[in-house]
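Student: Supplied in structure tokens, the structure appears directly below.
Where a number appears in this text, it was derived from the coordinates with a stated rule and is not lab data. Quick caveat, the model's predicted, so the values are computed rather than measured. With ideal geometry, Cβ positions are generated from the backbone for all residues, glycine too; neighbour counts draw on all protein chains shown.
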Amino acid sequence: MYDTIIIGAGPAGLSAAIYGIRAQLRLIVLEQNPMSGGQIVDTYEVDNYPGLPGLSGFDLAQNMRDHADKLGAMFKTGDVTNIICKSEGDETTAPCYTVQTTKESFDTKTVILATGATHAHLGVPGEAELSGAGVSYCATCDGAFFRGKTAVVVGGGDVAVEDAIFLARGCEKVYLIHRRDELRAAKILQKELLSLPNAEVVWDSVVTSVLGTGSVEGVTVENVKTGEKRIIDCSACFMAVGITPRAEYCKNLVETDEKGFVRADESTQTNRPGVFAAGDIRTKRLRQVITAAADGACAITSVTDFLTGKV
């Protein structure tokens, strides 16, 4: 019987593991992939984590995992398929949950949901058919394949602008297509993007289809205000249109919002006693490495208070 099981090994899960071991909790971290770090592993540069400017996402993830390993945190790889509430508990005992994976099951008094989110799809013709053949959701993973060519990025947030900046370093031309007339990204990122001679923002527009036979050859773009359509010739289309929470395994256990994110407050407490949500999986205003790491620390504090009867 574990004090807590942490599901997910991104910044939130790794932070929870570090704080949990320091709090002398008996815990285990269950992760889907053999490499810890979540989405930041694919991030070329994390420039807004305090004290570590310019560090690559891969290195930051590795540092976090090394820290957890040094403290003695235990990790196991496997997909979590279900969480069963075996007992509700009472005034003297904590509830008991069974976490089921594709390989084995574990019993625990509390659970921390930290599986984060995954890239959202645009859902237009040609996207699925050309996925991996020019359609990509990770510029840092696939950008090198299109050096000297033209690439399109779809989106208007931090990730989209960061992707466009990154691609502009190697591509001949980069188009950022955004459905509004103003970007949502941080102002410093906008300033850098707009200063690049080989980057162009296509305002008030959406991609309606991805074109190509065997590989991406272009995208169809429609202006949402005028209805005018055009084709932009390109060799790659990078989708940066948001994220989808990885919460299928727990949707019958805890409340979620209309987009599927787990409802939890700043203490990370969900509507289910003993179940906490940390990082990108939880309802929150800002999803960044620093807020995910903070959630992990808060989750352990909440777990400790719960186990000791302080809440």
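Student: Kindly write out, for region 178-187 in residue order, the coupling ³J(HN,Hα) from the Karplus curve 6.51 cos²θ - 1.76 cosθ + 1.60 (θ = phi - 60°), rounded to whole Hz, with x marking Gly and Pro.
Tutor: Running phi through 6.51 cos²θ - 1.76 cosθ + 1.60 with θ = phi - 60° gives 10, 6, 10, 9, 8, 7, 8, 5, 4, 4 Hz.
Student: Using only Cα atoms, find the angle between the long axis of helix 57-71 and the longest principal axis of the chain, and express it within 0 to 90 degrees, rounded to the nearest 10.
Tutor: Taking Cα atoms only, the helix is inclined about 10 degrees.
Student: 5 Å is the cut-off here: which amide hydrogens, built 1.01 Å from N in the peptide plane, fall below it relative to I177, excluding neighbours closer than 5 in sequence?
Tutor: When sequence neighbours closer than 5 places are left aside, the close amide H contacts are V153, V154, G155, V202.
Student: Among the listed pairs K191/K259; K109/K310; K259/K284, give every one whose C-alpha distance is greater than 19 Å.
Tutor: K191/K259
Student: Could you check which residue among P273, P50, P125 shows the biggest mean-square fluctuation in a GNM of the chain with a 10 Å Cα cutoff?
Tutor: Among P273, P50, P125, the largest mean-square fluctuation in the Gaussian network model of the chain belongs to P50.
Student: To make sure I understand the rule: partners must be lysines, Cα under 24 Å from the Cα of K229, and not fewer than 8 residues away in the same chain. Which ones qualify?
Tutor: Once the sequence-local lysines are set aside, what remains near K229 is K149, K173.
Student: Report, in degrees rounded to the nearest 10, the 0 to 90 angle that the Cα long axis of helix 289-307 makes with the longest principal axis of the chain.
Tutor: It works out to around 20 degrees.
Student: How many angstrom separate the Cα center of region 137-187 from the Cα center of region 276-311?
Tutor: Result: 32 Å between the Cα centres.
Student: Scan (1) 21.3; (2) 21.8; (3) 20.6 for the value of Kirkwood radius over Cα pairs in Å calculated from this model and give just the label.
Tutor: Label (3) holds the value from this structure.
Student: To the nearest 20 Debye, how big is the dipole of region 161-310 about its Cα centre, given +1 on the beta carbon of each Lys and Arg and -1 on that of each Asp and Glu?
Tutor: 320
Student: Using modelled backbone amide H atoms (1.01 Å from N, in-plane), which distant-in-sequence or interchain residues come within less than 5 Å of A117's amide H?
Tutor: The answer is R246.
Student: Determine the dipole magnitude for the chain: charges of +1 sit on the beta-carbon of Lys and Arg, -1 on that of Asp and Glu, nothing else is charged, the reference point is the Cα centre, and the result goes in debye to the nearest 20.
Tutor: In total the dipole reaches around 240 debye.
Student: Same structure again: Please say if region 121-239 is rounded, prolate or oblate, where rounded means a/c under 1.5 for a ≥ b ≥ c the square roots of the C-alpha gyration tensor eigenvalues, and otherwise the choice is prolate for a/b larger than b/c and oblate otherwise?
Tutor: Because a/c hits 1.5 or more and a/b fails to exceed b/c, region 121-239 counts as oblate.
Student: What residue among T208, L189, G157 has its Cα farthest toward the positive end of the dipole of region 121-239, where the charges are +1 on Lys, Arg and -1 on Asp, Glu, each on the Cβ?
Tutor: Projecting each Cα onto the dipole axis, the largest value belongs to L189.
Student: Let me ask something additional. Please give every one of the lysines within straight-line cross-link reach of K103, meaning a C-alpha to C-alpha distance under 24 Å, and leave out same-chain neighbours fewer than 8 residues apart.
Tutor: Here the lysines satisfying the reach criterion relative to K103 are K76, K86, K251.
Student: With the Cα gyration tensor of region 152-311 giving a ≥ b ≥ c as the square roots of its eigenvalues, does the rule (a/c under 1.5 for rounded; else a/b larger than b/c for prolate; else oblate) give rounded, prolate or oblate?
Tutor: Cα axes put region 152-311 in the prolate bin.
Student: Another one. As I understand it, the value is the acute angle between the Cα axis of helix 158-168 and the longest principal axis of the Cα atoms of the chain; what does it come to in degrees, rounded to 10?
Tutor: 50
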